[in-house]
1. Take the cross-link list 205/285; 329/373; 205/372; 246/423; 241/373 and give me the ones stretching past 26 Å between alpha-carbons.
2. Considering only C-alpha atoms, what is the centroid distance from the stretch 279-328 to the stretch 196-261, in Å?
3. Please report, in Å, the Rg and the Dmax of the stretch 316-428, where both are computed over Cα atoms only.
4. Testing the spin-label approximation: label points 7 Å from Cα along Cα→Cβ at residue 374 and residue 29. State their distance in nm.
5. Taking 51 Å as R0, compute the FRET efficiency from the Cβ-Cβ separation of residue 6 and residue 284 and round it to 0.05.
6. Grab the other residues whose beta carbon is less than 10 angstrom from that of residue 21, score K and R as +1, D and E as -1, and report the net.
7. Work out how much length residue 348 to residue 141 would gain on full extension: take 0.36 nm times their residue separation and subtract the Cα-Cα distance, in nm to one decimal.
8. Express in nm, to one decimal, how much length is gained between residue 226 and residue 382 on full extension, taking 0.36 nm for each residue of separation and deducting their alpha carbon distance.
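Taken together, the values in this text are just the output of simple stated rules run on the coordinates, not laboratory data. This one's a predicted model, so the numbers in the text were calculated from it and none came from an experiment. Cβ coordinates were reconstructed from backbone atoms using ideal geometry, including for glycine residues, and neighbour counts include every protein chain displayed.
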Amino acid sequence: MVVDVIMPKMGESITEGTILEWYKQPGETIGQDETLLEIGTDKVDSEIPSPAAGTVVEILADVNAVIEVGVVIARIDTDGNTPVKSRPKEETKDIEEDEVSLSQQNSLPSSKRGNTKQKSKKGESIFTPVVLKIATQENLSLSELDSIQGTGRNGRITKKDLHAYLGTRSPVPPTTTVKQELIKSTPTKIKSIPGKKEDIDHMRKLIAGHMRYSLDTSAHVYVMSEVDMTSIVDFVTENEKSFLEKEGLNLTYTPFIILATVQALKVFPEMNASLENGDTVIYHKQVNIGLAVSVDNGLMVPTLLQCDEKSLLGLCKDVNDIAVRTRSKKISPDELQGSTFTITNFGVFGATIGTPIINQPNVGILGTGAIKKQPVVVEREYTESIAIRSIMMLTLGFDHRLIDGAGGARFIQEVKNNLETMKLGGLL
C-alpha cells in the first residue's frame, strides 16, 4: 500500500511551509515516526516524522520549495511493491519559482508589499521572489511588470517570461534624480576578501527579515535605568534550594521581572498596545508576554499568555516549560505569536546594556542586563553611606509613533519601582 505524505498544518494561521531538508531519499527505507524531512514556516522549523514504515518511493517537492498545507509531498510504500520514482529537475524548479502564495507577500514590509501584486486568473495577488529581485535590479515599475504576459500557472510571470521581456524592452530614458546621483558617486565594485562562504540558514533568514521589517516600521527610541535588585537576589539565594526540592524547578530572576513588568503594563495600557495600519491603536485586554529564548542557531520568542492573571509561582512554571520546549524544538507556531509586550534577557550572557529591536506588532520591548555587584550611595534618614548592592540595567525600547519620551521614562520607572519595592513574603 502506498501512503501519501502531505504538508502538515503547523498552526491555525499557517497555510504553507518551506522544505528545508529531506532526511530520506527515494529508495531508502524508513520507520514509522522516524524523521522524514524538516520544514520551515515564518514562525518555526520542525522535523516531520514519517506516518508509516516502508520505502520512500517518490519525493514530490525539492529543498526550498514552498508548498501549501495539504499538498502531497512524498509517497511511502509499506509493501515494497511500488517502483521508485525520481523527480524531474525541471518540475522542481517550476515549483520553486511559481508556488509563492499571498501569505508570503503579506509577511513583507508594507513599503514593499504594494509592489508585489499581480492579478492571476484566480484573483490572487502574486509575484515570485526571483521575479521581484530581477524587476528591482532592472528598475521595472509595477505597471510595467503588470503588462508582461505570464506563462506560468494561473498566468503568473516566470523568470523566463521576465528575461524574454527584458530582451525586447526599449532602453529606459536617463533621468537625473538625487538617488541616481548618489548611486553614481558610490563605488559599485567592492574588493572580494578571501574567506569561507556558506548559505545563511532558514531561521537566520526569518530573523533578518523580521528585524529589518521592525526597523522599517517602528520609530525606535530607548531609555535606560539602573535597578537595585539586592532584595530579589537575596530572596532567590535563600529560597532556590527549597524551591528546587519542592517544585523541581530552578528559581530564576526572570519571573520577578515579568511580574514587575505586568504590573507596570496595567498602569500604562498604551505600552500594552499595538498600531494597526499606522493610524489605529489597539489596546489589548490581556497581557501576553513574549519571552526571547536563545536557541542553537538563532532566537525565538514564544508567548506567555494571560500573564496578568498569574502568580509568581505560575510564571515560574510557565517560563521553565516554554524555555525547555523552545530549545528542544517542541514549540508550536501558534505559541510564537500573540504577544502584546516582549522581554529579552541579554544579561544571561554577561551583557550589561543592549538596545533590542521591537518585536512586531508590539510597541515596546524590555531588555535586562547582567546583575552585578557595585558600590552605591545609599540614603537613609538624611544620612548617606556607600554600600555594595546588586545592580541591573534596564533598557526600554519603544515605538515613538505611539509613545513619547516622557511616557517611556515613566513606564521604566514604574518597572524599576516594582522590582525594588516588591513584597516578596508569601509570593511562593
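1. Values: 205/285 33 Å; 329/373 35 Å; 205/372 34 Å; 246/423 21 Å; 241/373 22 Å.
From the list (205/285; 329/373; 205/372; 246/423; 241/373), the Cα-Cα distance tops 26 Å for 205/285; 329/373; 205/372.
2. Cα centres, the stretch 279-328 to the stretch 196-261: 10 Å.
3. Looking at the stretch 316-428, its Cα Rg and Dmax stand at 17.3, 55 Å.
4. The answer from the label model is 6.4 nm.
5. Numbers: r = 35 Å, r/R0 = 0.69.
Plugging the Cβ-Cβ distance into 1/(1 + (r/R0)^6) gives 0.90.
6. Values: positive: none; negative: 38, 45, 47.
Counting the neighbours of residue 21, the net charge comes to -3.
7. Numbers: separation 207, 0.36 × 207 = 74.52 nm, distance 4.78 nm.
Extra length from residue 348 to residue 141 when fully extended: 69.7 nm.
8. Details: separation 156, 0.36 × 156 = 56.16 nm, distance 2.19 nm.
This chain segment gains 54.0 nm when fully extended.
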